[in-house]
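Each reported figure results from applying straightforward, stated rules to the coordinates on display, with no laboratory input. A quick note: this is a predicted structure, and the numbers were derived from the prediction, not measured. A quick note on method: Cβ atoms are made from the backbone with ideal geometry, for glycine too, and the neighbour counts reach across all protein chains shown.
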Amino acid sequence: MGDTKHDYTIAVYPGSFDPVTFGHLDIIHRAANVFDKVIVAVLNNSKKNPLFSVEERTNLLKEVTRGVPNVEVDSFGDLLINYVSEKKAHVIVKGLRAISDFESEMQMASLNHKLNDKVETFFMMTNPQYSYLSSSIVKEIARYNGPISDLVPQEVEAALRIKYAEDRLR
Ligand code: PNS
């Protein structure tokens, strides 16, 4: 204890980001104010059957974080804790929306701590304004052509409109 204080703290903010929402962006901006570098890491998760490819998801994230100099966007397909070590990061950042997020987040944080106790998980309470927001809910609304401009950045809204318009043409 006490021997691992870092001068330059790198945090990894992992997720599916299918697609990135204002809730995610709020966490990214706040994490970038606290840590020296934040790597937003998109899970390359073929099992979850994402709407957007990992390339589309990373490109959208790059577009919407362009103005934040200490944020990097990357993807990973490995165990998160291995990816964090590979990046020489020390912190995992997660957003917590509600009690319902807590159980699985607690499990993941405990497991990651068991796998590597040099890496700490930091939780940030999601801005209450976005407590109801999730990528799934945004996709659900967009699928029925509902209003999403208060939920996601313009670039993401445009990408969703194109995706669902393509679907309707099929
Ligand atoms: O946005 P999501 O889908 O809630 O993010 C979940 C994510 C990517 C953080 C989680 O599934 C993860 O870390 N996956 C990588 C594989 C892994 O390390 N699994 C064990 C976690 S304890």
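Structure summary
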{"quantity": "Enclosed volume per residue, in Å³, of the convex hull spanned by Cα atoms of segment 122-170", "calculated": "90"}
{"quantity": "Karplus (6.51, -1.76, 1.60) ³J(HN,Hα), θ = phi - 60°, over segment 9-18, in Hz, Gly and Pro reported as x", "calculated": "9, 9, 10, 10, 10, x, x, 7, 6, 10"}
{"quantity": "Over segment 1-98: Kirkwood hydrodynamic radius from C-alpha pairwise inverse distances, Å", "calculated": "13.9"}
{"quantity": "Calculated [θ] (222 nm, deg cm²/dmol) that DSSP helices of n ≥ 4 give over the chain, each run adding -39,500 (n - 2.57)", "calculated": "-13500 deg cm²/dmol"}
{"quantity": "Computed over the chain, the ratio Rg/Rh where both radii use C-alpha atoms and Rh is Kirkwood", "calculated": "0.98"}
{"quantity": "Phi to ³J(HN,Hα) by Karplus 6.51 cos²θ - 1.76 cosθ + 1.60 over segment 87-96, Hz, x for Gly, Pro", "calculated": "7, 6, 8, 10, 9, 10, 9, 10, x, 10"}
{"quantity": "Nearest-0.05 FRET efficiency for D74 and F123, computed from C-beta distance (R0 22 Å)", "calculated": "0.55"}
{"quantity": "Segment 1-103, dipole about Cα centre (Lys/Arg Cβ +1, Asp/Glu Cβ -1), debye to the nearest 20", "calculated": "100"}
{"quantity": "C-alpha center-to-center spacing [segment 1-57, segment 62-133] in angstrom", "calculated": "6"}
{"quantity": "Computed over the chain: relative contact order in percent, which uses C-alpha pairs under 8 Å that are six or more apart", "calculated": "27"}
{"quantity": "Residue-by-residue Karplus 3J(HN,Hα) for segment 50-62, coefficients 6.51, -1.76, 1.60, Hz, glycine and proline x", "calculated": "x, 6, 9, 5, 4, 5, 4, 5, 5, 4, 4, 4, 4"}
{"quantity": "Exceeding the 22 Å Cα-Cα cut-off - candidates K87/K114; K88/K118; K47/K87; K47/K163", "calculated": "K47/K87"}
{"quantity": "Per residue Cα convex hull volume in Å³ - calculated over segment 101-142", "calculated": "89"}
